[in-house]
Amino acid sequence: MEKNQELLEIISDLLLKGYEGGYWDYKSDYPATAEDKLHDIICMANNLEDRDAYLIYGANDDGTVCGIENSSKRCVTADFIKFLRDKNFAGGFIPQVEMHTLKIGGHEIDVLVILRGNHTPYYLQNDFGKDPQISKRIRAGAIYTRTADMNTPRDKTASIEHTEYLWRKHFGYDLRPAQRFELLLEDYAGWSETNWDNCRQSYHKDYPEYRIVVGESKDAVETISYFYDDESMPWAKLSLEYFSTVLYETELWYMDLGRCIIPKPKWRFMIGKGLYYYFLKDSINGRLLGLFTKGEYRCNNRCWIEMPIMIFEHDRERKSFEEWFLSVDRELKQNIRSKIEEDAIMQHIVGKEERDGKPELGVKDVALAFALYKRWRKIKNFTEE
């Protein structure tokens, strides 16, 4: 609800301007061709304002709302995601989008939000389009962007100045050190090898002034650690350093007595309802997980069995899961909890926890929340196919 209200305020302000700009465009209806649709999205994804962009369907060129409710071309987020996944984007970097329907002036409008991304410029590796006129196709290698209210024509490419800006954004050259560090964490092959045991630091091979440094280990036990074969879980302070300046601190968890290493996940207590551990992929700890798992974004034990730690793209997705979790029928939750309690492995895990003193919310709550997360993920993925 908060997200839609915030978006409604943004879009209302843009419509009141009465003209199109560098990160918003009015459309009285959806594009007539797939080429038009793709061209609009790429131009907005490569916008020069370095922010989210908006394609507003159901508005005339002067910003007056005509409504989209009678259009036969309407799409939802899943339609756009599938549409973009099918295109051969360079490097596999695909613009991230969300579709929202808003009500303004007695009409519905659809707003495609093209989320700000660092993987600019977005462009294709192969031509897209069947029109015999090359000028109407989306050309391979062409950089399309948006200047004021104008998209780069399909038979041209962005200026050298704008192309350089997009690549500088990609590599983080204009970012502060802390911001650039986050980008470098996504370069999994760029970091020096280490085992995080007798060698407790890693540096970026191209930019050695950026280092990940781990301190001395201390003993600990967490609720999540009981799911591993050995619940002993040493931890150590982990620092992101630029030259000698500490930019960020967290913890490195040596799960299963050090056999499985992960950065400290976040956790969420829902008193009387559940407990879960999670990572946000767009957070620093989420990027560290990506680095330690080389892009797998999955927490496993020594036998490669997935541990009950949830992975979300961003906090909006986590909140969406939690809303769904809280709406799940009590009987379904109880049926799942009963199966968990009957499972022999879970009985062993519960036994270890009870030996040390059962907390108010423990391993059975974590297992229940994770089982529902897997169910929610399956439903979500199905709707996006």
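Some points to look at:
- The order of Arg139, Arg355, Arg146 by accessible area, most exposed first and with a 1.4 Å probe, is Arg355, Arg139, Arg146.
- In terms of its Cα atoms, the stretch 275-385 spans 36, 33, 24 Å along the principal axes, sorted from long to short.
- Each Lys and Arg contributes +1 and each Asp and Glu -1, all at the Cβ; summed about the Cα centre of the chain, the dipole is approximately 560 debye.
- In the stretch 163-233, a dipole from Cβ-located charges (positive for Lys and Arg, negative for Asp and Glu) runs towards its positive end, and of Trp167, Gln179, Ser232 it is Trp167 whose Cα lies farthest in that direction.
- Three-way shape call for the stretch 218-357 based on the alpha-carbon gyration tensor, with the a/c threshold at 1.5: oblate
- Label point at Asp36 placed 7 Å out along Cα→Cβ; residues across the stretch 99-142 whose backbone nitrogen lies under 19 Å: 109-113, 128-139
- Measuring r between the beta carbons of Asn301 and Ile10 and using R0 = 56 Å, the FRET efficiency lands at 0.80.
- Positive-end ranking of Thr245, Gly63, Ile262 along the dipole of the chain, with charges on Cβ about the Cα centre, is headed by Ile262.
- Probing with 1.4 Å while keeping every protein chain in the model, the per residue accessible area of the chain equals 51 Å².
- Each peptide in 216-223, 77-84, 325-332 receives the mean, over its residues, of other Cβ atoms within 10 Å, and ordering these scores from highest gives 77-84, 216-223, 325-332.
- Annotation for the stretch 35-118: GluC sites (Glu not before Pro) lying in DSSP loop with at most 16 further Cβ atoms inside 10 Å of their Cβ are Glu49, Glu69.
- Shape call, the chain: gyration tensor on alpha carbons, a/c limit 1.5: oblate
- Given a 1.4 Å probe and the protein chains as shown, Ser135 ends up with an accessible area of around 50 Å².
- Ellipticity estimate at 222 nm from DSSP helix runs (n ≥ 4, -39,500 (n - 2.57)) divided over the chain, nearest 500: -10500 deg cm²/dmol
- Cα-based shape type of the stretch 1-77, given that a ≥ b ≥ c are square roots of the gyration tensor eigenvalues and the cut on a/c is 1.5: rounded
- For q = 0.18, 0.22 Å⁻¹, Debye-computed log10 I/I(0) when each Cα of the stretch 1-150 counts as one equal scatterer: -1.09, -1.54
- The accessible area of Val213, taken with all protein chains in place and a 1.4 Å probe, comes to roughly 40 Å².
- Membrane-span-like helices in the chain (whole DSSP H runs, Cα extent of at least 20 Å along the helix axis, mean Kyte-Doolittle hydropathy of at least -0.5): 2-17, 363-384.
- Remark on the stretch 207-288: ratio of C-alpha radius of gyration to 2.2 N^0.38 Å is 1.22.
- For the chain, the share of accessible area belonging to carbon and sulfur comes to 49 percent (1.4 Å probe, ligands and nucleic acids excluded).
- For the stretch 1-45 versus the stretch 159-222, the gap between their alpha-carbon centres in whole angstrom: 34
The values are calculated or read from the model by the stated rules, or taken from the named source; none is laboratory data. A quick note: this is a predicted structure, and the numbers were derived from the prediction, not measured. Counting neighbours? That spans all protein chains shown, and the Cβs are built from the backbone with ideal geometry, glycine included. Note: accessible area is taken over every heavy atom of the protein model, side chains too, but ligands, DNA and RNA are not part of it. Shrake-Rupley method; radii C 1.70, N 1.55, O 1.52, S 1.80 Å.
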